[in-house]
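One structure below.
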Amino acid sequence: MNMNFNFSNPTNLIFGRGALNQLGSLPMPGKKALVLISNGKSTRENGYLDRTLEQLKKVGVETALFDKIMENPIKDVIMEGASFARENQCDFIVALGGGAVIDASAAIAAMATNAGDLWDYVFGGTGKCKPLEKKGLPIVAVATTSGTGSEMNGFGVISNLETKEKIGFGDPGLTPVLAVVDPELMTTVPAKYTAYQGFDALFHNTEVMMSKGVNVLSEAIALSAIENITKYLPRAVKDGKDIEAREHIAYGSTIAGVTMQLTSTIAQHSMEHSMSAYHHNLPHGAGLIMISKAFAEFFIERHACDEQFIKMANAMGIANADKPEDFITALVKLQEDCGVADLKMSDFGFTPDEAMTLAKGARSMQGGLFEANPCEMTDEDCAGIFEKSYQ
């Protein structure tokens, strides 16, 4: 076991039922907030926006609302949001929403203070790899879903429709200074998206476990998150109002934000980002689910990290797990229990002849994650996983 790690996190995390009610009693990093929400209806209809604005008013913060963030946020909207922040003289951001909104907040925070185009500062693909010249706006994250763990780190994934790329962007300096994770805000997420988001959180942790950079701390907390997600996700999918289940899924998701700081995820995420770069309406979690079995089987067949698969299978409820294939058994059962075992790539517009395009896209956009794999994966191997997953 690797005993070396580096952990540094500036985020003040307020976690638990009713946590949003504490926002108005906490010190804020500025006087006027760009309040960032999605372009959907739920934040308004469920009262979360009004409650957040009320809390900000209590602490004397002025606000300007930007409500154009979509699932798989795009560069053009990031640049529009940054311009809006400057025009309204906002000195910090409150990101109220799920992973897309919190991901977008990091990019908007950076571009509100730095010149040029977002892709000037993107590393990978057609990005120009420039370092940020100025510190971004401070971020307060209020999570309304459990999936990405973005509230605990300064990175997000942004799509460029013009170049058909979806690439991670960020900087440790963009990590939220304050994060509010209130499971009560998650009870209205529909069952399908509860499952998609829950599996995203699960795979953050399973990829950390499989990563060659896993260490004593990242493993311990990843296994804790895997155990909680596996036990409670079927309950949350079945009954969204099950607050105990929502609490445990939120814990697993937020913990993933920490495990990913300690240890890199691996190529499963690169591969899905390529999928949704070419098929922009694909929900991230759905893409991960569709390739997950074949992806794990690739490493099991090569005995790349057998012991890690056995540890995960044990955490997922197979008490007598003694072989890596037990992880596949647990994974398939969880997908069946959550009603997502029959997702088909063809239903989202994929065709069999795309496999190599997707493979090359994964390496071009986020090739760094391939380096964390426990064994080598060529473009041909990657394409083979897509082909095996296709139905």
(message) Could you tell me how many of the residues in the range 172-185 are out of contact with any helix residue (DSSP H, G or I) (no Cβ under 7 Å at 6 or more places or on another chain) and not in a helix (DSSP H, G or I)?
(response) 3
(request) Determine whether the range 214-222 contains at least one residue that is in a helix (DSSP H, G or I) and either in contact with a strand residue (DSSP E or B) (Cβ under 6 Å, 6 or more places away or on another chain) or of a type in the set (S, T, N, Q) (or both). (result) yes
(request) Specify which of the listed residues (Asp337, Asp326) is surrounded by fewer than 17 Cβ atoms within 10 Å (Cβ to Cβ), modelled with pLDDT of 95 or more and within 16 Å of Ser292 (Cα to Cα). (result) Asp337
(request) Working only within the range 6-38, note down all residues that are modelled with pLDDT under 95 and not small (Gly, Ala, Ser). (result) Asn6, Phe7, Asn9, Pro10
(request) For residues that are open to solvent by less than 40 Å² (accessible area, probe 1.4 Å) and either under 18 Å from Asp347 (Cα atoms) or outside any helix (DSSP H, G or I) (or both), tally how many sit in the range 374-384. (result) 3
(request) Give me the pairs, please: first residue somewhere in the range 306-319 and on the phi > 0 side of the Ramachandran plot, second residue anywhere and hydroxyl-bearing (Ser, Thr, Tyr) and open to solvent by less than 60 Å² (accessible area, probe 1.4 Å), beta-carbon distance under 8 Å, and either six or more positions apart or on two chains. (result) Gly317/Thr230
(message) Taking the condition of being crowded, with 16+ Cβ neighbours inside 10 Å and under 30 Å from Val214 (Cα atoms), how many residues in the range 10-47 meet it?
(response) 4
(request) Please go through the range 154-180 and pick out each residue that is crowded, with 23+ Cβ neighbours inside 10 Å and within 12 Å of the chain's Cα centre (by Cα). (result) Gly154, Gly156, Val157, Ile158
(request) Count, please, the residues in the range 341-364 that happen to be open to solvent by 10 Å² or more (accessible area, probe 1.4 Å) and within 21 Å of His204 (Cβ to Cβ). (result) 3
(message) Can you tell me how many residues within the range 113-140 are in contact (Cβ under 8 Å) with a residue 24 or more places away in the chain, among the small types (Gly, Ala, Ser) and surrounded by fewer than 22 Cβ atoms within 10 Å (Cβ to Cβ)?
(response) 3
(request) Hey, can you tell me all the residues within the range 112-126 that are assigned to a helix (DSSP H, G or I) and either acidic (Asp, Glu) or out of contact with any Gly (no Cβ under 8 Å at 6 or more places or on another chain) (or both)? (result) Leu118, Asp120
(message) Being small (Gly, Ala, Ser), under 29 Å from Gln308 (Cα atoms) and open to solvent by 30 Å² or more (accessible area, probe 1.4 Å) narrows it down to one residue among Gly213, Gly198; which is it?
(response) Gly213
(request) Looking for whichever is open to solvent by 10 Å² or more (accessible area, probe 1.4 Å), in contact with a helix residue (DSSP H, G or I) (Cβ under 6 Å, 6 or more places away or on another chain), closer than 15 Å to Thr206 by Cα and of a type in the set (A, V, I, L, M) here; the options are Leu288, Leu262. Which one fits? (result) Leu262
(message) If Leu56 meets every condition in (1) open to solvent by 10 Å² or more (accessible area, probe 1.4 Å); (2) free of Cβ contacts under 8 Å to residues at least 40 places away in the same chain apart from one, which number is that one?
(response) (1)
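Let's see how each residue does on (1) touching a strand residue (DSSP E or B) at 6+ places or on another chain (Cβ under 8 Å); (2) surrounded by fewer than 22 Cβ atoms within 10 Å (Cβ to Cβ):
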residue	(1), (2)
Ile226	no, no
Asp239	no, yes
Asp242	no, yes
Thr254	yes, no
(request) Hey, can you tell me all the residues within the range 59-81 that are buried (at least 18 other Cβ atoms within 10 Å of the Cβ) and in contact with a Lys or Arg (Cβ under 6 Å, 6 or more places away or on another chain)? (result) Val77
(request) Residues being open to solvent by 10 Å² or more (accessible area, probe 1.4 Å) and either modelled with pLDDT under 95 or of a type outside the set (D, E, K, R) (or both): count how many of those fall in the range 185-195. (result) 6
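The values are calculated or read from the model by the stated rules, or taken from the named source; none is laboratory data. Here the structure is a predicted model, which means the values were calculated and not measured. For neighbour counting, all protein chains shown are included, and Cβ atoms are generated from backbone atoms with ideal geometry for every residue, glycine included. Keep in mind that these areas ignore ligands, DNA and RNA; they rest on the heavy atoms of the full protein, side chains included. Shrake-Rupley method; radii C 1.70, N 1.55, O 1.52, S 1.80 Å.
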